[in-house]
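Trainee: Have a look at this one before I ask anything.
Just so it is clear, none of the values below were taken in a lab; they were calculated from the coordinates. Just so it is clear, the structure is predicted and the values come from calculations on it, not from any experiment. Neighbour counts run over all protein chains shown; Cβ positions are idealised from the backbone, glycine included.
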Amino acid sequence: MKEQFYMTRAPELAKQPDALPMFSKIASLAGDSENDVLACLWLAWNFFHVVDDVVDEGNVDDELKENIAHGLFDLVENILTSSEPTDPGFLNSLSRMIAAAPWDEERKQLADNACRDFFGDLIVNVFIRRNARQFLAIYQQTIDRWLAGDEMASSSIPFRRQLAPAVRCGDVDFIVFVAKLAGGWSGMRWVSKLRDYDP
């Protein structure tokens, strides 16, 4: 793996120092698929945070965020279900949003790399390709929860606002899902017991 990633920047490591070690432990449960499982988790983790950050820090309105989520899912679906996947322009649009973000050049480059690494891995990762239909379902759920959690956070109903962080953090269920594929029931339950959500 490369030495520098979006999620190895100091501010991200300070917030979540245990992510990569946990992903490595999950991957170690997968036998011959260890490298593919680690790439799947780590590259998705970087990508999820890039998309979330560029939306949150780029003053993206709700309509554009919905369009980003829809375009993202369409491209993931295209890659996971087509023998000859094509990108109708989503990745270039995301790159333009990253270029316009109020970030320094190094962060922009790492963010752009994270996007390209994620989609490239969807194409070549044998572990993902072998379980493509299941991955499509968990990506759909993760993307929808990202949208729904933000909608709940702005609700006028206090209880819905309280639930919003847990709904929004669909990446937690993504990690638990990969742990199940990699390590069976015991792998899933071990990771599930570590559940935590950003407030």
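Trainee: Consider only pairs whose beta carbons are under 8 Å apart and that are at least six residues apart or on different chains; among these, list those whose first residue lies in the range 101-114 and is within 18 Å of L91 (Cβ to Cβ) and whose second residue is among the β-branched types (V, I, T).
Mentor: A101/V54; K108/I98; A111/V50; A111/V54; A111/I98; D112/I98; A114/V50
Here is a yes/no grid of residues against (1) closer than 16 Å to V51 by Cα; (2) not aromatic (F, W, Y):
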| position | (1), (2) |
| --- | --- |
| I138 | no, yes |
| T142 | yes, yes |
| G149 | yes, yes |
| S154 | no, yes |
| F159 | no, no |
| Q162 | no, yes |
| R168 | yes, yes |
| I175 | no, yes |
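Trainee: Say we look at the range 132-179 and pick out the residues that are basic (K, R) and either in contact with a Phe, Trp or Tyr (Cβ under 8 Å, 6 or more places away or on another chain) or without any contact (Cβ under 8 Å) to a residue 24 or more places away in the chain (or both); which of these is nearest to D36 (Cα to Cα)?
Mentor: Residues of the range 132-179 that are basic (K, R), as a first pass: 133, 145, 160-161, 168.
Imposing the further condition that a residue be either in contact with a Phe, Trp or Tyr (Cβ under 8 Å, 6 or more places away or on another chain) or without any contact (Cβ under 8 Å) to a residue 24 or more places away in the chain (or both) reduces the set to 160-161, 168.
Values: R160: 37, R161: 37, R168: 26 Å.
That would be R168.
Trainee: Looking at the range 66-90 only, could you name the residues that are within 24 Å of R168 (Cα to Cα) and among the β-branched types (V, I, T)?
Mentor: Selection gives I68, V76.
Trainee: Filtering the range 99-127 down to residues that are more than 16 Å from the chain's Cα centre (by Cα) and under 19 Å from F48 (Cβ atoms), which residue is surrounded by the fewest Cβ atoms within 10 Å (Cβ to Cβ)? If you could, list the steps in order and put the result at the bottom.
Mentor: Step one: list which residues in the range 99-127 are more than 16 Å from the chain's Cα centre (by Cα), which gives 99-109, 124, 126-127.
Within this subset, residues satisfying the condition of being under 19 Å from F48 (Cβ atoms) are 101, 103, 107-109, 127.
On the way: A101: 19, W103: 17, R107: 17, K108: 17, Q109: 14, F127: 22.
So, considering only residues that are more than 16 Å from the chain's Cα centre (by Cα) and under 19 Å from F48 (Cβ atoms), the one surrounded by the fewest Cβ atoms within 10 Å (Cβ to Cβ) is Q109.
Trainee: Still on this structure, I have one more. In the range 78-95, which residues are in a helix (DSSP H, G or I) and touching a Phe, Trp or Tyr at 6+ places or on another chain (Cβ under 8 Å)? Walk me through how you get there before you give the answer.
Mentor: At the first step, the residues of the range 78-95 found to be in a helix (DSSP H, G or I) are 78-81, 90-95.
Within the range 78-95, I79, L80, L91 qualify.
Trainee: Report yes if I98 is over 20 Å from C40 (Cα atoms), touching a Cys at 6+ places or on another chain (Cβ under 9 Å) and assigned to a helix (DSSP H, G or I), otherwise no.
Mentor: On the way: over 20 Å from C40 (Cα atoms): yes; touching a Cys at 6+ places or on another chain (Cβ under 9 Å): yes; assigned to a helix (DSSP H, G or I): yes.
So I98 passes the test.
Trainee: Could you give every pair whose Cβ atoms fall below 6 Å, whose first residue belongs to the range 31-59 and is over 15 Å from P102 (Cβ atoms), and whose second residue is of a type in the set (D, E, K, R) and surrounded by fewer than 23 Cβ atoms within 10 Å (Cβ to Cβ), counting only separations of at least 6 or pairs across chains?
Mentor: Every condition considered, the pairs that remain are A39/D121; L43/D117; L43/D121; F48/D171.
Trainee: Hey, another quick one. Look at S24 and say whether it is free of Cβ contacts under 8 Å to residues at least 60 places away in the same chain and either touching a Leu at 6+ places or on another chain (Cβ under 7 Å) or buried (at least 19 other Cβ atoms within 10 Å of the Cβ) (or both). Don't jump to the end; show me each part of the working.
Mentor: On the way: free of Cβ contacts under 8 Å to residues at least 60 places away in the same chain: yes; either touching a Leu at 6+ places or on another chain (Cβ under 7 Å) or buried (at least 19 other Cβ atoms within 10 Å of the Cβ) (or both): yes.
In short, yes.
Trainee: Name every residue in the range 159-177 that is surrounded by fewer than 19 Cβ atoms within 10 Å (Cβ to Cβ), hydrophobic (A, V, I, L, M, F, W, C) and under 19 Å from Q16 (Cβ atoms), in order of residue number.
Mentor: A166
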